């Protein structure tokens, strides 16, 4: 059983989620620019 | 199309994804995070898939307007966008699920099994099939485009070499992207599984160590949620059983107080008695009652059955007996009074009770008794080394309201005579082979220990009964009172 403190420590905060989706979108732009638009 | 500089192509795609990224946060709050916790992961998946589709459509629209993209390239761009969005949606959905799990762990509130189950295996199959289809279609499109392009390369060895190198880089790039996405999903899913396993095993370890204070938060609607819910049901059941056991132990303590803590000191008599219950509570009872004119009353009773219901019946019968003893006249009158009360109370339950009541007048050296369906008492005379039964007629109590009881009388005894009154739990004790302890063994132990104090005789009989039973379970309560007449 995880303690509440451990939960808070592990909990992905909103900033981390924003960073995650931003990285995904940047990668999407790169990949689609290089190849996606041409396939 | 192929000649379009990457920077120009990227501007429109960047503009499309940037727009969606800006709009994403408020829309996500409205569509995903405001929903119930258990439906947030699936909503997150749909939301990100649609966001990716919207970005792809917007990018295609911009490219069509500004660069005049042909329909085939537009569809390719949209398909590429949707495929990548599929992986984004999976990753974000797993992240959302992780958030939901952690919140549930922190709150520790939801504990019932999920009403509707979304099978983990079914979800896994769907995701695996969809992933395989996406990857296959991407590869087919790339191969088709490359094959078409290679036909235009010509026969120049330099151009062919450059084309082969270009295709190789392309394949490696696609493989690297797909591998990266797959690894990311595996890590994300593993983290969720780790959380769920730790959640379950942590509580089960506590339960194993006897700590039932923690429940497992039900964080998902899959098999993990089901296991967590059932674990909580099990913990509730264990808590309830422990409460019952505690209540039974308390009942045992209360019932122990109904039995005499120690025999009274009566001139001319050496008394000893004990009851050993087969459950926490029992239906056997014995007592010493001081009667008028210095006489001593010995009562041994046995309620049918054993356990908490028999104990309650015994407690009420004891109250009737002690109340009747206040107006004591004779054993038979007392038995009649108690029988009327017990019959009234016991009639709906069908319970009954056997009783042996012995009145000892150590001054006049007389024994007077009544037998209500109970085992006869034994009197051992050491001088003649023989046993006599204190028998007689009398029906068990609680059967007939107006049953009549009869006093039986005996005058005189040899000094050192031993009176033994017990319940059938002694003679009917069985060993592992199914043999009964029997009355003969009781007589033998009493005769060989007759010169010892009453407490020693009682201990000798009880020890012999327990040794005889061995590993076999105790099937009935055992009660024995020994009186040594001086």
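FYI, it's all coordinate maths here, none of it is from the lab. Just so it is clear, the model here is predicted, and its values are computed rather than measured. Every residue, glycine as well, gets a Cβ built from its backbone with ideal geometry; the counts of neighbours run over all protein chains shown.
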All-pairs Cα distance distribution in the range B:371-486, expressed in whole percent, bin size 5 Å: 2, 11, 20, 20, 17, 14, 9, 5, 1
Tail weight of P(r) past 12 Å, computed on alpha-carbon pairs of the range B:183-230, percent: 63 percent
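Taking each residue in B:193-203, count the Cβ atoms of any other chain within 10 Å of its Cβ, then average. What number comes out? Each step should come with its number before you reach the end.
Details: counts 0, 0, 3, 0, 0, 3, 2, 1, 1, 3, 1.
Shielding by partners across B:193-203 averages 1.
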Inter-centroid distance (Cα atoms) of the range B:190-214 relative to the range B:449-471, Å: 50 Å
Residues B:146, B:477 arranged by fewest to most Cβ contacts within 10 Å: B:146, B:477
Cα long-axis angle, helix B:308-325 against chain B (0 to 90 degrees, to the nearest 10): 30 degrees
Neighbour-count order for B:123, B:441, B:467, fewest beta carbons within 10 angstrom listed first: B:467, B:123, B:441
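Report Rg/Rh for the range B:259-485, rounded to two decimals, where Rg is the Cα radius of gyration and Rh the Kirkwood radius.
Numbers: Rg = 16.7 Å, Rh = 17.6 Å.
Result: Rg/Rh = 0.95.
Compute the Cα gyration tensor for the range B:128-226, then decide on rounded, prolate or oblate, letting a ≥ b ≥ c be the square roots of its eigenvalues: rounded whenever a/c is under 1.5, prolate when a/b is larger than b/c in the other cases, and oblate in all that remain.
prolate
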Peptide-level mean, for A:14-27, of C-beta atoms on other protein chains within 10 Å: 5
Anisotropy class of the range B:242-375 from Cα gyration tensor, a/c 1.5 cut: oblate
Equivalent ellipsoid, the protein assembly as shown (semi-axes from 5 times Cα gyration tensor eigenvalues, Å): 95, 22, 17
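Between residue B:211 and residue B:139, what length comes free when the chain is fully extended (0.36 nm per residue of separation minus the Cα-Cα distance, one decimal in nm)?
Working: separation 72, 0.36 × 72 = 25.92 nm, distance 5.52 nm.
That works out to 20.4 nm of additional length.
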Sum of -39500 (n - 2.57) over DSSP H runs of 4+, divided by residues of the protein assembly as shown (222 nm, nearest 500): -20000 deg cm²/dmol
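Using the Cα gyration tensor of the range B:297-396, with a ≥ b ≥ c the square roots of its eigenvalues, what is the shape: rounded (a/c below 1.5), prolate (a/b larger than b/c) or oblate (neither)? Walk me through the numbers before you get to the answer.
Working: a/c = 2.47, a/b = 1.66, b/c = 1.49.
Note, shape of the range B:297-396 comes out prolate.
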Chain B - percent relative contact order, Cα under 8 Å, separation 6 or more: 12 percent
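Average the reciprocal distances over every distinct pair of alpha-carbons in chain B, invert the result, and give the Kirkwood radius in Å.
Working: mean 1/r = 0.0326 Å⁻¹.
That comes to 30.7 Å for chain B.
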Partner chain coverage, peptide B:71-83 - average Cβ within 10 angstrom: 3
Per-selection Rg to Rh, the range B:1-107 - Cα, Kirkwood hydrodynamic radius: 1.10
For the range B:355-371 versus the range B:239-312, the gap between their alpha-carbon centres in whole angstrom: 21 Å
Order of B:81, B:119 under a 10 Å beta carbon neighbour criterion, fewest first: B:119, B:81
